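K.L.:
Please find one structure pasted underneath; my questions will follow.
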Amino acid sequence: MNLSQINKQLKGIDPLEIIEYSLSNTKKPVITTNFRPYEVVIIHAVTQVKPDIKVIWCDTSYNTRDTYKHAQYLIDTLKLNIDIYVPKLSAGFRDVLLGIPEVDTKAHQIFTEQVKLEPFKRAMKEHQPDLWFTNLRKGQTAFRDSIDIFSKGSDGVLKVSPFYYYSDTQLDVYIEQHKLLNEHRYYDPTKVLSNRECGLHV
């Protein structure tokens, strides 16, 4: 598959068409989510095409009350076929041993590995997907500006970001058109700043 050529062909194409095209060439697709702002769009769009797609949620155990309520709302209303992965240590135990360390420290690297990377690696190992839907978008981080609709990470899994060229305003329109709810009180303890990468997509 020539990703560069396909990305040129699909730029400007409706995301639902990108999703349909992607699903026609896959056997084990998954979608990952953390229920952050605008995740409702990718979850809704993909499940409109494939309602039974496996949804993977790696819950850090540090989400806000609003995010947990939003997650349950989507699980119920969209009838998500969801698998939830959590860290091997509870948040309470980790708070005593490590807490949430300052960024750019060795302790923070350990924290990120425990609450996000290890559960994610475990999920991907168990599911062995050949296609991975994400809601990565241009303009989010420097790294994400370097990829496209279709990309491959270091794990070799083909990633599809159907809304890659969409702005927040365009996603707001999608949410309004489909009478969905968004979630803005999300907190990621591994990133702190919105323009930091968490390590899943590199």
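K.L.:
Could you tell me the extents of segment 76-194's C-alpha atoms along the three principal axes, largest first, rounded to whole Å?
P.N.:
46, 33, 32
K.L.:
Report the label-to-label distance for Val157 and Tyr21 in nanometres (one decimal), using points 7 Å from each Cα along the Cα→Cβ vector.
P.N.:
It works out to 2.2 nm between the two label points.
K.L.:
Out of the DSSP beta bridges found with both residues in the chain, what percent are antiparallel (nearest 5)?
P.N.:
If I count the DSSP bridges inside the chain, around 15 percent turn out antiparallel.
K.L.:
Among rounded, prolate and oblate, which fits segment 114-159 when a ≥ b ≥ c are the square roots of the eigenvalues of its C-alpha gyration tensor, a/c under 1.5 means rounded, and a/b larger than b/c means prolate?
P.N.:
Here segment 114-159 falls in the oblate category.
K.L.:
Oh, and also: Just reorder His127, His108 by solvent-accessible area, largest first, 1.4 Å probe, all chains present.
P.N.:
Working: His127 35, His108 5 Å².
The ordering from most to least exposed comes out as His127, His108.
K.L.:
A follow-up question, please. Taking a ≥ b ≥ c as the square roots of the Cα gyration tensor eigenvalues, with a/c under 1.5 meaning rounded and otherwise prolate when a/b beats b/c, else oblate, which class fits segment 86-145?
P.N.:
It comes out oblate by the Cα gyration axes.
K.L.:
From the phi angles alone, apply the Karplus equation (6.51, -1.76, 1.60; θ = phi - 60°) to segment 155-161 and give each ³J(HN,Hα) in whole Hz, x where the residue is Gly or Pro.
P.N.:
7, x, 6, 6, 9, 10, 10
K.L.:
For the chain, what is the accessible area per residue in Å², given a 1.4 Å probe and the full set of protein chains?
P.N.:
52 Å²
K.L.:
Within straight cross-link reach of Lys88, meaning Cα distance under 12 Å, which aspartates and glutamates are found once same-chain residues fewer than 8 apart are removed?
P.N.:
Asp59, Glu113, Glu118
K.L.:
Explain nothing, just the number: relative contact order of the chain, from Cα pairs under 8 Å at least 6 residues apart, as a whole percent.
P.N.:
28 percent
K.L.:
Determine the share of the chain's accessible area contributed by carbon and sulfur atoms, expressed in whole percent, with a 1.4 angstrom probe.
P.N.:
Numbers: 5390 of 10430 Å².
For the chain, the apolar C and S fraction of the accessible surface comes to 52 percent.
K.L.:
On to the next question. Is segment 6-52 rounded, prolate or oblate when judged by the Cα gyration tensor, a ≥ b ≥ c being the square roots of its eigenvalues, rounded requiring a/c under 1.5 and prolate requiring a/b larger than b/c?
P.N.:
Oblate.
K.L.:
In addition: Evaluate Rg over Rh across the chain, taking Cα atoms for both radii and Kirkwood's formula for Rh. Mind dumping the intermediate values first?
P.N.:
Working: Rg = 16.6 Å, Rh = 17.6 Å.
Radius of gyration over Kirkwood radius for the chain works out to 0.95.
K.L.:
Using only DSSP helix segments of four residues or longer, with each worth -39500 (n - 2.57), what per-residue ellipticity at 222 nm results for the chain after dividing by its residue count and rounding to 500?
P.N.:
Helices in the chain give a 222 nm mean residue ellipticity of -11000 deg cm²/dmol.
K.L.:
Tell me the net charge near Pro162. Cut-off is 12 Å between Cβ atoms, Pro162 excluded, with +1 for each Lys or Arg and -1 for each Asp or Glu.
P.N.:
Local net charge: -1.
The values are calculated or read from the model by the stated rules, or taken from the named source; none is laboratory data. Remember, it's a predicted structure, so these values are computed and weren't measured experimentally. Cβ coordinates were reconstructed from backbone atoms using ideal geometry, including for glycine residues, and neighbour counts include every protein chain displayed. Ligands, DNA and RNA are stripped out before the accessible areas are found, and what is left, the full protein with its side chains, is counted by its heavy atoms. Shrake-Rupley method; radii C 1.70, N 1.55, O 1.52, S 1.80 Å.
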